[in-house]
Every structure is written in structure tokens, then in C-alpha cells.
Amino acid sequence: MIIRKLNIEETIKAYTTEHGFAWGINTVMKSLAPNASYDLTSAGEFIIDRWESIYPQPTSQEIRDEYIRQQTIAECVEYFNKVK
């Protein structure tokens, strides 16, 4: 099963709260596998110890890539909010 990754606008809308764009490992995992139940550790790389989902388990690299993507979005949102 392949999931369609949210585009930048959809990502901002999905993870923006009254406190601004909220991102982190939880939003990363929600983006990669909505409604998955998992145990995740990070020691230089992301390791999934338990995985329960209809979606395939993401690799450490996929998790890292989405984390960096959301971090970049957060930095851009913060920058543009300051420039207003």
C-alpha cells in the first residue's frame, strides 16, 4: 500500500495549531503511516521496535528524510512569520 505524501501546503495545514506549525517525530510518523501503532527509538538512526499498521514500516532513512522535510517547512514558516 502506497500513501500519498502531503504537499507543503497540506502539511502546514495538517500540523498547524493555535501555537503555530507543530512538528516532530509524531507528525513525521503520522505523515508516513497514519494511525500506525509503534515503538520507536533513536540512537543515530531510527529503529522501530514494534509496528502495527496496514502501511509498510518506513525505513530509518524515510523517517529521517521526512523529519528533515518537516524541519525545513517549520523554519520557512517561522521565517515568513517574522518577515510579515
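Filtering ALA36, ALA22, ALA43 for residues that are surrounded by 15 or more Cβ atoms within 10 Å (Cβ to Cβ) and either farther than 13 Å from LYS5 by Cα or in contact with a Gly (Cβ under 6 Å, 6 or more places away or on another chain) (or both) leaves a single hit, ALA36.
Looking at THR41, THR27, can you tell me which residue is assigned to a strand (DSSP E or B), modelled with pLDDT of 90 or more and among the polar types (S, T, N, Q)? Can you show your working first?
Working: THR27 fails: assigned to a strand (DSSP E or B).
Only one candidate passes the filter, namely THR41.
Entry remark, region 1-49: residues being out of contact with any Phe, Trp or Tyr (no Cβ under 9 Å at 6 or more places or on another chain) and among the hydroxyl-bearing types (Ser, Thr, Tyr) number 4 in total. Considering region 46-74, and only residues there that are part of a strand (DSSP E or B) and of a type in the set (D, E, K, R), the residue that is nearest to LEU6 (Cα to Cα) turns out to be GLU52.
The values are calculated or read from the model by the stated rules, or taken from the named source; none is laboratory data. These numbers were taken from a predicted model, which means no experiment stands behind them. Because the Cβ atoms are built from the backbone with ideal geometry, glycine has one as well, and the counts that use them run over all protein chains shown.
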